[in-house]
1. I'd like the residue in segment 322-336 that is surrounded by fewer than 22 Cβ atoms within 10 Å (Cβ to Cβ) and in a helix (DSSP H, G or I) and, out of all such residues, is farthest from the ligand (Cβ to nearest atom).
2. For segment 68-80, does any single residue satisfy the condition of being away from the ligand (no atom under 15 Å from the Cβ) and open to solvent by less than 10 Å² (accessible area, probe 1.4 Å)?
3. Of the residues 288, 294, which single one is surrounded by fewer than 24 Cβ atoms within 10 Å (Cβ to Cβ), within 24 Å of residue 13 (Cβ to Cβ) and among the small types (Gly, Ala, Ser)?
4. On the given criteria, is residue 247 of a type in the set (A, V, I, L, M, F, W, C) and touching an Asp or Glu at 6+ places or on another chain (Cβ under 7 Å)?
5. Show the residue pairs meeting these rules: Cβ distance below 9 Å; 6+ apart or different chains; first residue within segment 52-66 and closer than 21 Å to residue 77 by Cα; second residue open to solvent by 60 Å² or more (accessible area, probe 1.4 Å) and not aliphatic (A, V, I, L, M).
6. Does residue 293 satisfy the criteria of being touching a Ser or Thr at 6+ places or on another chain (Cβ under 9 Å), within 10 Å of the ligand (Cβ to nearest atom) and modelled with pLDDT under 95?
7. How many of the residues making up segment 300-314 are in a helix (DSSP H, G or I) and over 22 Å from residue 111 (Cβ atoms)?
Amino acid sequence: MSGYTIAVLPGDGIGPEVTAEAERVLQAAGQRFGITFTVSHFPVGAAAVEAAGDPLPEKTRAAVRRANAVLLGAVGAPGLEHAPRHLKPETGLLALRALLGVYANLRPVTVLAPLVDRSPLKPDRLQGVDVLIVRELTGGLYYGEPRGRDASGSRAVNTLVYTVSEIERVARVAFDAARRRRRLVTSVDKANVLEVSQLWRETVTAVGREYPDVRLEHLYVDYAAMRLVSDPAAFDVLLTENMFGDILSDEAAVLVGSLGLLPSASLGAGAGLFEPIHGSAPDIAGKGVANPIGAIASAAMLLRYGLQLPEAADAVDQAIRAVLDAGARTRDIAAPGAPAIGSREMGERIAGVVLDERGRRKAERGTDAHPSVPRSAFRVPRSSDIP
Ligand code: NAD
């Protein structure tokens, strides 16, 4: 029996609620495939400021360095919005990404056929949407120095900086991924205004020459933002820098109908970091209604890209699909007036399907508000999609 150490950082708000369900599903996958997951919890974000006066305490740092993979919930608390920077929950998140050296953030956005009616976009716009956003994660404006407010408080500065090697390594992740998909990379920048974007464009173009079988196109970020909602099926792999990627990936969440559905994997040289793309959602925290699917799908990415366990990852992705096909909906994805289940029940149903075929049949007997759709209509990212 193989074994892995997983550090779970539940974080704040709905973070603990959704990671609990991801953990439940992870353990179900372990049980089914004979894998031992040794899971320990460590604080991050506002929870860590409260517990240890630091949004990424030394104990958490030591644990993530030792772990085979890290599963994160979300950070952020309304009370700490105006705290000094070293006490902000987001400072802990940025420090965590830097500590792990996870420079490539992968965010698959696939429109799920049973949820097409949950998107504000017209169904015909959503046909065939399957985008992989590759966002640079440890450079750019969020990390550049100098930064800060001057003594008067009336002037502030941030620095946008990228080096050729930072751009090259994330570009290679995007081109390698495109090779396993539809062989198109759309690189997004603002090269008509920013020198950093000009370097980005030149460097991506040079890397692209190593991949003559992959088509490369460049878009300015403003046009890319428009195209992402007007013609989302035109994208295969969308490669971009840190802040543009942050914004565009939230915009892409509109395509699937809820922020609560989308997972992410952040990869570098060592252990990967896996987290849903949503934040701590203080408006619904503690109510047990958060959608855990983004966190559970992040656990599937952990299995696939963090631990190279594609069979277990497939089982989790298929279980999510089966449960949605059977009509299970949390509040954020339920049709108006339709019944909704809570975070825990959604997690239990998905874990049940992962465990065995009996679970799958049980899921299929569940609420039938949404008729089953052909499985082929729903494509989860494949193990071969991403290097
Ligand atoms: P958010 O993602 O927390 O919430 C936006 C909206 O989406 C809210 O209405 C929320 O209820 C809903 N939502 C989010 N996740 C959901 C889920 N799983 N199920 C159902 N509904 C869900 O973004 P926000 O409100 O802008 O930010 C709240 C806090 O989270 C802030 O402190 C912010 O800094 C932080 N944040 C953290 C991360 C992270 O940890 N990676 C990312 C984004 C925001």
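1. 331
2. yes
3. 288
4. Taking the combined requirement at face value, the residue does not satisfy it.
5. Here the result reads 52/58; 52/59; 54/86; 55/86; 55/90, each pair linking segment 52-66 to a residue that is open to solvent by 60 Å² or more (accessible area, probe 1.4 Å) and not aliphatic (A, V, I, L, M).
6. So residue 293 does not fit the description; no.
7. 6
Table: residues versus (1) away from the ligand (no atom under 16 Å from the Cβ); (2) without any contact (Cβ under 8 Å) to a residue 40 or more places away in the chain; (3) buried (at least 23 other Cβ atoms within 10 Å of the Cβ).
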{"site": "219", "(1), (2), (3)": "yes, yes, no"}
{"site": "225", "(1), (2), (3)": "yes, yes, no"}
{"site": "229", "(1), (2), (3)": "yes, no, no"}
{"site": "247", "(1), (2), (3)": "no, yes, no"}
{"site": "261", "(1), (2), (3)": "no, no, yes"}
{"site": "270", "(1), (2), (3)": "yes, no, no"}
{"site": "278", "(1), (2), (3)": "no, no, yes"}
{"site": "303", "(1), (2), (3)": "yes, no, yes"}
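The values are calculated or read from the model by the stated rules, or taken from the named source; none is laboratory data. Owing to the predicted nature of the structure, the values given are computational and were not obtained by experimental measurement. Note that we place each Cβ from the backbone using ideal geometry, even for glycine, and neighbour counts take in every protein chain shown. Areas reflect the complete protein model, heavy atoms only, side chains present, ligands, DNA and RNA absent. Shrake-Rupley method; radii C 1.70, N 1.55, O 1.52, S 1.80 Å.
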